[in-house]
Amino acid sequence: MISIREQDYGLDVALFNEFSLADFKLFEDALVKRVAEQGKPDVLLDLTELIDFTLDMAVEEVKFVRAHEKDFGRIALVVSDVWIKLAAHIAGLLSHNHLEYFDTVEEAQAWLARPVAA
């Protein structure tokens, strides 16, 4: 399950239980829309309630990130599970985005609210 909220800096995305291909398509559509409206939106991904993800979603995610890695700005990941963190880290190696890990949503939002240093 996925929850997507627009913010001044871009998108807040929270994932619950299993992250499926259908959820990823919703995320993809929201991100493409934000890119068209805002340029390079920042993204907060809250993975604290994520339990699992489907293989077809993971394959689609790799394709999307490689095709759109220059379309978005900073990525703040809120994650507590070591395996989900490892999977996110491996996926992050495939892109050149500015990625930071946080323990809480509030810390991630504060980081994204700060202006980007030139």
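Values in this text are rule-based calculations from the coordinates and carry no lab data. Small disclaimer: the values here were computed from a predicted structure and weren't measured. Here the Cβ is made from the backbone with ideal geometry for all residues, glycine too, and neighbour counts use every protein chain on show.
Proximity of backbone amide H atoms, modeled 1.01 Å from N, is registered between residue 53 and 19 at under 5 Å, excluding neighbours fewer than 5 places apart on the same chain. Per-residue packing, averaged as other Cβ atoms within 10 Å, sorts the ranges 61-68, 27-34 into the order 27-34, 61-68, beginning with the highest. Segment 20-39 and segment 49-67 have Cα centres separated by 13 Å. Taking the Cα of residue 52, stepping 7 Å toward and past its beta carbon, and measuring to each backbone N in segment 1-37: which are under 11 Å? Output list for this probe position: 18-19. Phi-derived couplings, Karplus 6.51 cos²θ - 1.76 cosθ + 1.60 at θ = phi - 60°, listed residue by residue for segment 7-22: 10, 4, 7, x, 9, 9, 10, 10, 10, 10, 6, 9, 9, 9, 4, 4 Hz, with x used for Gly and Pro. Less than 5 angstrom separates the built amide H of residue 75 from those of 43, 98, 99, 100, all sequence-distant by 5 or more or on a different chain.
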